[in-house]
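Undergrad: Quick one: this structure, given as structure tokens, is what I'll be asking you about.
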């Protein structure tokens, strides 16, 4: 996406590196400008690379969620820092850079859909990625969950014109897509327009949603007719008080089973996410979760340890209660406990987290879940097997990162 914003007049050679899928010889070649995107858990690695390239004479840019949350910290390692959406500010930087007067900080207030270019997918290597192209239509979120970083980055209102989204999908020529919109039905009228447009393309896709998607029958019907075959829902907890404390007001525990059932009736597979470490969580309540998930008939569960990312309301709460244990950002990866839970020790939480993954992805549990999966059982089985492999690796991952 950002590569598409490099002005043609610069006649630049562009190298893309995703360290999640490829090794790269950083000592090979020199670069005038190096841009690095960081989330909190990768901040240390990002700073290491930034410092390295600055010693080699490159002009270094840092952006991404962590740079947005802590721009002053990021500026210690960069020549320019980008907060928010760089789609808005990167063209301004290049003009300043070519004029010899780049600014130390570029701030984007919210998001402008007219700034979104056609991504330079031609620069990406194929190996290491799913074959399905990824699409973003609505970047923003109308919710106000206290632990979330989305508002700091994109704001509430960040929608692309539906016609632009449809045109991009048509140009790709694929039949299966992944939508990465964090909260696509925050604006239900926009979502209805988008889903009606997708229905005409005869594609299939999976993406995210919120639990109120089943409250509007017209929206739910359009979702199914648009080609949606799977959706990720953030259930987060089976404790009503914890949901309220996080401002997760759309979630009602008593509605979980009904929501999943209505999605299954439309042939939509449900991937449900849950967070551990909330104030009502205990060792016993975590051990009860596999049965609760099975009773709710969630097809694919996923778990994370609640993480207080810096400069979020939840971080401020934990800091105010003197519950932050470390500011080693590498541990802010949603698999380590970085704060003091109320009803167990951090070590107990991490132990139960590992056990929950293993139990939920035992062959017995996978087999039971497949019985109520509405369709695409093969894909769902493969996803379950993938998570079962992850469940076996997670203990090693936690040990290695210590």
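The values are calculated or read from the model by the stated rules, or taken from the named source; none is laboratory data. Note that the structure is a prediction, hence the values are computed from the model and not measured. With ideal geometry, Cβ positions are generated from the backbone for all residues, glycine too; neighbour counts draw on all protein chains shown.
Undergrad: Identify, please: which residue in the stretch 176-200 is surrounded by fewer than 15 Cβ atoms within 10 Å (Cβ to Cβ) and over 23 Å from the mean Cα position of the chain (by Cα) and is, among those, farthest from residue 273 (Cα to Cα)?
TA: So the residue we want is 200.
Undergrad: Okay, next question. So which of 152, 186 is in contact (Cβ under 8 Å) with a residue 24 or more places away in the chain, outside any loop (DSSP other than H, G, I, E, B) and within 30 Å of residue 41 (Cα to Cα)? If you could, list the steps in order and put the result at the bottom.
TA: Values: 186 fails: outside any loop (DSSP other than H, G, I, E, B).
After applying the criteria, what remains is 152.
Undergrad: Against the condition closer than 29 Å to residue 45 by Cβ, in contact with a helix residue (DSSP H, G or I) (Cβ under 8 Å, 6 or more places away or on another chain) and modelled with pLDDT of 95 or more, how does residue 392 come out, does it pass? Show your work before the answer.
TA: Working: closer than 29 Å to residue 45 by Cβ: yes; in contact with a helix residue (DSSP H, G or I) (Cβ under 8 Å, 6 or more places away or on another chain): yes; modelled with pLDDT of 95 or more: no.
Taking the combined requirement at face value, the residue does not satisfy it.
Undergrad: Within the stretch 201-226, how many residues turn out to be in a loop (DSSP other than H, G, I, E, B) and either closer than 15 Å to residue 181 by Cβ or not assigned by TED's automatic domain parsing to the domain that holds residue 187 (or both)? Steps first, please.
TA: So the first thing to find is which residues in the stretch 201-226 are in a loop (DSSP other than H, G, I, E, B), and the list is 201-203, 210, 215-216, 226.
Applying the additional criterion that residues be either closer than 15 Å to residue 181 by Cβ or not assigned by TED's automatic domain parsing to the domain that holds residue 187 (or both) yields 210, 226.
Qualifying residue count for the region: 2.
Undergrad: Hey, could you check the stretch 342-393 for residues that are part of a loop (DSSP other than H, G, I, E, B) and touching a strand residue (DSSP E or B) at 6+ places or on another chain (Cβ under 9 Å) and say which is surrounded by the most Cβ atoms within 10 Å (Cβ to Cβ)?
TA: 361
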